[in-house]
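The values are calculated or read from the model by the stated rules, or taken from the named source; none is laboratory data. Keep in mind that what you see is a predicted model, and the values were worked out from it rather than measured. Because the Cβ atoms are built from the backbone with ideal geometry, glycine has one as well, and the counts that use them run over all protein chains shown.
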Amino acid sequence: MFTKGTLIYIAQRLVLIGFTVVAVSSVVFVGIHRLPGDALLSERLRGQAYQLLVHHYGLDQPLIVQYWNFAVGVITRGDLGESLVNRGLKITPLVLHELGVSAEVGGLALVFTIGLGLVLGVFAAVRQNTWLDYVLTTTSVVGYSMPNFVIAAFLILVFGVWLQNVTGGTFFYQLGGWRGDFGQLWLPAFALGFPYASIVARLTRASMLEVIRQDYIRTARAKGLRERVIIVRHALRNALIPVITILAPLVIGIITGSVVIENFFGIPGLGKEFAQSILNRDYAIVIGVFTMYAAMVGLANLLVDLAYVVIDPRIRY
Amino acid sequence: MATAAVVVDAQPIAPEQVSLWSDAWRRLRRNRLALVATIFLTFLVVVALVSLVWTPYRMSEIGVTQTYAPPSSAHLLGADELGRDLLSRLMVGAQVSLVVGVGTQLLVLAVGVPIGLLAGYYRGWLDSVVSFIINVFYGIPDILVAMIMVFLLGPSLRNIIIAIVVTRWMDMARLVRGQAFSLREREFIEAARAAGARPLKMLFGHLFPNALGPIIVQATLGIPAAILFEAFLSFLGVGVQPPTPSWGSMANEGVAAIQYAPHMVIAPSIALSLTLMAFNFLGDGLRDALDPRSRR
């Protein structure tokens with residue numbers, strides 16, 4: 001499955017990802033340090049105390065030295081530095097913990113996206129030009145036209161406010177604390193995944209319609225196979241290939257979308273940290289989280305490209 | 001009688017010649033969803049223009065009624081947490097959305113079309129460089145980069161537009177590159193080359209007009225994407241700054257009050273969704289009208 005060529009390809013891609021991460025984080029690093037003032041000015045410290053802090057964070061050194069120290073720390077120890085606002089807080093363990101939380105939400109969102117998208121797409125294709133098809137196709141445009149926070153707001157309004165007596169209104173995580181169980185996860189995951197589910201549904205429908213007219217489907221029918229077997233085993237399998245092509249933008253969309261959704265629901269994940277640290281002007285965390293994101297997006301792209309090789313044996317790198 | 005027969009013969013037998021554009025217009029008019037979308041968008045533009053000179057109340061005036069007042073006949077959409085009239089703010093918010101949506105797409109056209117034409121027509125090393133840059137830009141998470149850019153440049157409408165263009169120009173560039181790539185092999189381009197057309201004339205006189213259909217569709221579908229982008233930024237608090245209302249920031253304020261003033265989140269959410277939907281339906285309609293073969 002993975003030939004020598006594929007391995008070389010993976011190595012090339014990894015180098016490119018490393019290059020992109022370094023380039024992007026350098027731009028952010030330089031950009032942030034060119035801003036007037038520094039993060040510590042807001043502390044209203046004077047004289048020696050201020051000087052000590054500046055020295056502690058190495059902000060008195062030339063920019064190039066600061067960047068060198070940052071880069072060496074990241075590469076040799078995986079150390080992203082220390083928060084400027086919450087003093088003494090190490091960023092790497094914090095970010096890794098938050099990554100776990102985000103992965104839970106994002107993973108479930110991906111399951112919703114693909115599951116819902118495939119089922120709706122197949123139904124629309126099998127019942128082409130019936131009312132069910134029209135309803136599903138129109139809903140999918142509505143679905144990807146709605147920002148995820150709008151979907152989230154309506155879900156909370158319905159399940160958390162209007163049906164509070166039934167559901168107990170437990171969707172306000174800010175009040176109850178984050179437990180990370182399914183009861184807390186499904187709503188944000190659904191809001192995060194639904195717009196992309198619409199896109200998957202559209203694409204699945206289109207490619208199913210194409211596949212269903214192929215000769216080998218007619219052959220399968222002629223053999224007397226049951227319709228369900230034909231759809232699932234013969235048609236869907238081949239209809240999946242174009243769907244996989246949008247997996248990469250999908251995963252990236254869910255990663256970026258999680259910034260909005262985590263802030264909306266108060267989920268203590270990477271996305272919330274990113275937005276909050278930007279608003280708090282905690283430069284160290286902004287750079288740290290962003291470096292993390294750049295690496296994640298690069299790796300997600302690579303994994304999806306490798307998934308082609310597994311699913312479609314005709315593709316080789 | 002003989003003369004009459006001649007007259008009849010003179011009538012054209014072939015169907016009336018129809019240009020691509022009038023044909024597309026006819027198809028678009030038959031698409032009911034696209035038509036409704038066009039009417040809605042016209043209405044939106046009118047609202048945005050009207051709000052430049054008149055809103056029911058001054059959009060940033062505090063305490064025109066009770067805070068969190070529910071919709072009433074005096075305040076059709078109610079009031080927000082500072083007692084500002086929501087309808088007035090929603091109307092001004094339409095300006096922001098339209099300026100961001102249309103403004104970014106004009107800039108994206110200005111950046112993406114020349115780059116795409118050059119790369120697709122000249123190919124070679126130029127195309128390799130452009131394709132590499134496009135791929136690098138596709139590899140970075142757009143909203144996150146835009147957030148950082150707005151953070152670095154300072155939040156303002158202009159900087160938001162710049163941030164969106166920087167992170168989304170390559171959609172257009174890639175499309176135009178692909179169009180130029182296939183068009184350059186066609187006979188009429190070869191004829192133009194044989195006739196000695198200069199490079200500028202070649203790119204913008206021959207290639208560009210023939211790629212116009214897909215470009216228009218792409219630009220139309222880029223508008224809702226840009227509006228959504230701005231709403232995300234404003235929702236997170238790094239977008240348009242108060243007191244200028246944006247539908248995204250209004251929704252954000254509404255979420256905080258969702259338990260006791262749900263109208264605050266419902267109004268901007270519906271406005272945003274309808275606008276995005278209208279642009280998407282119009283874009284889909286244009287695609288079907290301009291290129292009937294791509295019909296899904």
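Below, the figures for the structure above:
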{"quantity": "Within region B:30-77, tally of residues that are closer than 22 Å to B:Q259 by Cα, among the small types (G, A, S) and surrounded by 17 or more Cβ atoms within 10 Å (Cβ to Cβ)", "calculated": "1"}
{"quantity": "Condition check for A:G121: surrounded by fewer than 20 Cβ atoms within 10 Å (Cβ to Cβ) and out of contact with any strand residue (DSSP E or B) (no Cβ under 7 Å at 6 or more places or on another chain)", "calculated": "no"}
{"quantity": "Entirely in region B:197-291, the helices (runs of 4 or more DSSP H) that have 2 or more residues that are under 27 Å from A:V158 (Cα atoms) and without any contact (Cβ under 8 Å) to a residue 12 or more places away in the chain", "calculated": "B:263-290"}
{"quantity": "Looking only at region B:228-250, and only at residues there that are within 8 Å of chain A (Cβ to nearest Cβ) and more than 21 Å from the chain's Cα centre (by Cα), the one that is surrounded by the fewest Cβ atoms within 10 Å (Cβ to Cβ)", "calculated": "B:G237"}
{"quantity": "Listing of helices (runs of 4 or more DSSP H) fully contained in region A:232-317 that carry 1 or more residues being modelled with pLDDT under 80 and within 28 Å of A:G81 (Cβ to Cβ)", "calculated": "A:270-280, A:283-311"}
{"quantity": "Region A:44-91: number of residues that are touching a Ser or Thr at 6+ places or on another chain (Cβ under 9 Å), at positive phi and exposed (fewer than 14 other Cβ atoms within 10 Å of the Cβ)", "calculated": "1"}
{"quantity": "Answer from A:L14, A:L40 - the residue that is away from chain B (no Cβ under 14 Å) and either surrounded by 12 or more Cβ atoms within 10 Å (Cβ to Cβ) or modelled with pLDDT of 70 or more (or both)", "calculated": "A:L40"}
{"quantity": "Filter result for B:V113 (modelled with pLDDT of 90 or more, closer than 29 Å to B:A271 by Cα, crowded, with 19+ Cβ neighbours inside 10 Å and not basic (K, R))", "calculated": "no"}
{"quantity": "Some residue of region A:224-231 being free of Cβ contacts under 8 Å to residues at least 24 places away in the same chain, under 29 Å from A:L303 (Cα atoms), among the small types (G, A, S) and surrounded by fewer than 24 Cβ atoms within 10 Å (Cβ to Cβ)", "calculated": "no"}
{"quantity": "Residue identified as under 21 Å from A:I278 (Cα atoms), more than 14 Å from chain B (Cβ to nearest Cβ) and at pLDDT below 80 among A:L63, A:L52", "calculated": "A:L63"}
{"quantity": "Flag if A:V309 is touching a Ser or Thr at 6+ places or on another chain (Cβ under 9 Å) and either of a type in the set (A, V, I, L, M, F, W, C) or more than 10 Å from chain B (Cβ to nearest Cβ) (or both)", "calculated": "yes"}
{"quantity": "Qualifying position, being more than 25 Å from A:F274 (Cα to Cα) and in contact (Cβ under 8 Å) with a residue 40 or more places away in the chain, among B:L106, B:L118, B:L157", "calculated": "B:L118"}
{"quantity": "Residue in region B:78-96 that is modelled with the highest pLDDT, counting only those that are in contact with a His (Cβ under 8 Å, 6 or more places away or on another chain) and either part of a helix (DSSP H, G or I) or surrounded by fewer than 23 Cβ atoms within 10 Å (Cβ to Cβ) (or both)", "calculated": "B:L87"}
{"quantity": "Residue tally, condition over 22 Å from the mean Cα position of the chain (by Cα) and within 14 Å of another protein chain (Cβ to nearest Cβ), over region A:105-153", "calculated": "12"}
{"quantity": "Boolean, B:A146 is under 20 Å from A:V289 (Cβ atoms), in a helix (DSSP H, G or I) and more than 11 Å from chain A (Cβ to nearest Cβ)", "calculated": "no"}
{"quantity": "Unmet requirement for B:A197, which otherwise passes all of (1) under 19 Å from A:I151 (Cα atoms); (2) among the aliphatic types (A, V, I, L, M); (3) more than 10 Å from chain A (Cβ to nearest Cβ)", "calculated": "(1)"}
{"quantity": "Residue, nearest to A:T139 (Cα to Cα), within region B:251-278, restricted to residues that are among the hydrophobic types (A, V, I, L, M, F, W, C) and at the interface with chain A (Cβ under 8 Å from one of its Cβ atoms)", "calculated": "B:M277"}
{"quantity": "The lone exception for A:T291 - which of (1) β-branched (V, I, T); (2) more than 28 Å from A:G73 (Cβ to Cβ); (3) touching a residue at least 60 places away in the same chain (Cβ under 8 Å) it fails", "calculated": "(2)"}
{"quantity": "Filter pass, B:V129 being surrounded by fewer than 18 Cβ atoms within 10 Å (Cβ to Cβ), away from chain A (no Cβ under 14 Å) and either within 22 Å of the chain's Cα centre (by Cα) or in a helix (DSSP H, G or I) (or both)", "calculated": "yes"}
{"quantity": "Among residues of region A:259-298, those that are at the interface with chain B (Cβ under 9 Å from one of its Cβ atoms), under 21 Å from B:A257 (Cβ atoms) and of a type outside the set (A, V, I, L, M), counted", "calculated": "2"}
{"quantity": "Per-region count, region A:126-140, residues aliphatic (A, V, I, L, M) and either farther than 26 Å from B:S273 by Cα or touching a Leu at 6+ places or on another chain (Cβ under 7 Å) (or both)", "calculated": "2"}
